[in-house]
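Worksheet for the structure shown next.
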Amino acid sequence: MNMKDLYYSDYIELNRILDSQHPKSFDSIDKGNDEMLFIIIHQVYELWFKQILFELDLVRHIFIQDRINDNSPDMSSVVHKLKRIAKILELINQQVSVLETMTALDFLEFRNVLVPASGFQSKQFRLIEAKLGLKIEQRYKREYYKYTRKGGLSEADLREVDQAEGESTLKELIITWLERMPYLDEGYWKEYQSIYKEDLNGTHKFWSDYRKVYQNSLSEIEGGRLAEFDQVFFEKGRGNVPPDAMRAALFIMLYRNLPLFQSPFELLNTLSEIDELLSNWRYRHFMMVRRMIGLRVGTGGTSGAGYLEGTLSQHYAFREFTELVTFLIERSKLPNLPNALKEKVSFNL
């Protein structure tokens, strides 16, 4: 067949896709049950996981560069691809509703033939988590992950996940990008007049002012937040994000309306959205499993619903950026930026 005669089903290899459902609990349509639905739903998940990994690798490739030109298509391309990932995750969440048309009794018709196979063995989902930046030490029941006995990953899949965990994650690349942000260089701040004239051991005059405004915004019962502010932005950072990256991320959030910060803000906001959508998916999965099998163990040997519930509170890659809203102040009280800096972030070429 010539290229000009390319046929639709050949192009997408439709016959291979449609011939890839092989239920284990029945061999004829008159004996059919919901195992066909179960297989197709999970195959579709895996196809979307493949697309998410494709988009993630493209984004990571952009951030691996030593410098991202904010006037180039790089930043808009990153935001576009991350928003696509978010849309895919929205669709994955909606897809749970189809699986929920299966009842607990429907599932019991074929559940035993699945053992020890389990969604826990999804290499692609593990790769997504790893490439986003979820570290093994941050995982709930982390002892579940690094074994190849029944219910775990195959040796080949585990090697691939190990390799991904050793590469630069999206979160690490974002941190490096934030640490390079030049907008607090003294050259842009020569004309800036400090509001409170406080000297915090050589702290940049903007942050000295901002700290005081933030302190004044706290209620009496929030007094401890100031010590937390100092720890996050001047001492230890938050989680595995160092103070300078946290300061840069907060600065972007505060001045998101300035032209050059609009795309970086969309990036950080979309990372939080991805975290939220993954959490929503885990929650819906947990609720569905609890409804299907109650307190029984999962087919892969985990504690089933109990394991899924535990992941809800721990499995976040970008929690530090989401929690930055803790340290916002009213827009009307933001310090005025010097003209030299405002010109720099206004796409003046």
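Indicate the gyration tensor shape class of the chain (rounded, prolate or oblate), computed on the Cα atoms with a ≥ b ≥ c the square roots of the eigenvalues: a/c under 1.5 is rounded; otherwise a/b larger than b/c is prolate and the rest oblate. Write out the running numbers ahead of the final one.
Working: a/c = 2.73, a/b = 1.86, b/c = 1.47.
It is prolate, given that a/c is not under 1.5 and a/b is the larger ratio.
Rounded, prolate or oblate, given the Cα gyration tensor of the range 88-141, with a/c below 1.5 counting as rounded? If you can, show how the numbers build up before the last one.
Details: a/c = 2.89, a/b = 1.54, b/c = 1.88.
Oblate, since a/c reaches 1.5 and b/c is not below a/b.
Is the C-alpha gyration tensor of the range 159-223 telling us rounded, prolate or oblate? Criteria: a/c under 1.5 is rounded; beyond that, a/b larger than b/c is prolate, otherwise oblate.
Values: a/c = 4.48, a/b = 1.84, b/c = 2.44.
It is oblate, given that a/c is not under 1.5 and a/b is not larger than b/c.
Would you please put 325-332, 283-290 in order of how densely packed they are, using the mean number of other Cβ atoms within 10 angstrom per residue and starting with the highest?
Working: 325-332: 11.9, 283-290: 17.5.
In decreasing order of mean packing, 325-332, 283-290 become 283-290, 325-332.
Given Cβ point charges of +1 (Lys, Arg) and -1 (Asp, Glu) and nothing else, what value in debye, to the nearest 20, does the dipole of the chain about its Cα centre take? It would help to have the intermediate numbers written out before the result.
Values: 45 positive and 50 negative charges, 76 e Å.
Here the size comes out at about 360 debye.
Output ³J(HN,Hα) for the range 88-104: one whole-Hz value per residue in order, computed from phi by the Karplus curve 6.51 cos²θ - 1.76 cosθ + 1.60 with θ = phi - 60°, and x for Gly and Pro.
4, 5, 4, 5, 4, 4, 5, 5, 4, 4, 5, 5, 6, 6, 8, 8, 4
Quick one: compute the contact order of the chain, relative version, from alpha carbon pairs under 8 angstrom and 6+ residues apart, as a percent.
Details: 333 pairs, mean separation 79.0, N = 349.
Over the chain, the number comes to 23 percent.
Expressed as a rounded percentage, what relative contact order does the range 88-167 have, with Cα pairs under 8 Å and six or more residues apart? Mind dumping the intermediate values first?
Numbers: 33 pairs, mean separation 26.3, N = 80.
Rounded, it is 33 percent for the range 88-167.
Under 8 Å for C-alpha pairs, at least 6 residues apart: give me the relative contact order for the range 157-259, rounded to a whole percent.
Working: 51 pairs, mean separation 24.0, N = 103.
Result for the range 157-259 is 23 percent.
Among 126-133, 96-103, how do they line up from the highest to the lowest mean number of other beta-carbon atoms within 10 Å? Provide the component values of the computation, followed by the final result.
Values: 126-133: 21.8, 96-103: 13.8.
The packing order, highest mean first, is 126-133, 96-103.
No lab work stands behind these numbers, since they all come straight from the coordinates. No experiment lies behind these values; they were computed from the predicted model shown. Reconstructed Cβ throughout: ideal geometry from the backbone, glycine too, with neighbour counts over all protein chains shown.
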